[in-house]
1. Given the condition loosely packed, with under 10 Cβ neighbours inside 10 Å, at pLDDT 95 or above and charged (D, E, K, R), answer yes or no: does some residue in the stretch 28-45 qualify?
2. So PHE52 passes all but one of these: (1) surrounded by 10 or more Cβ atoms within 10 Å (Cβ to Cβ); (2) assigned to a helix (DSSP H, G or I). Which condition number does it fail?
3. Among the residues of the stretch 1-27 satisfying the criterion of being in a helix (DSSP H, G or I), at pLDDT 95 or above and among the charged types (D, E, K, R), which is surrounded by the most Cβ atoms within 10 Å (Cβ to Cβ)?
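The values are calculated or read from the model by the stated rules, or taken from the named source; none is laboratory data. These numbers were taken from a predicted model, which means no experiment stands behind them. Quick reminder, even Gly has a Cβ in these numbers, built from the backbone with ideal geometry, and neighbours come from all protein chains shown.
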Amino acid sequence: MLKVLGLAAIFIMIILFEVPSLVKNEEWKELTVFSLLLFIGLVLSIAGMMGFNFSQFYN
């Protein structure tokens, strides 16, 4: 559980670094794509940490 919290902290730091400039420059499409890709990355990272076997998709 502590690993997941650490991973979430890293993703929060990425958000705090990237999102303010996207909002300031009113880059809404880029913000949408960034958010979607970041969410997918977070879900896949957590799944990998929890032991999900991704090899079944590419064998």
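1. Within the stretch 28-45, one or more residues are loosely packed, with under 10 Cβ neighbours inside 10 Å, at pLDDT 95 or above and charged (D, E, K, R).
2. (2)
3. GLU18
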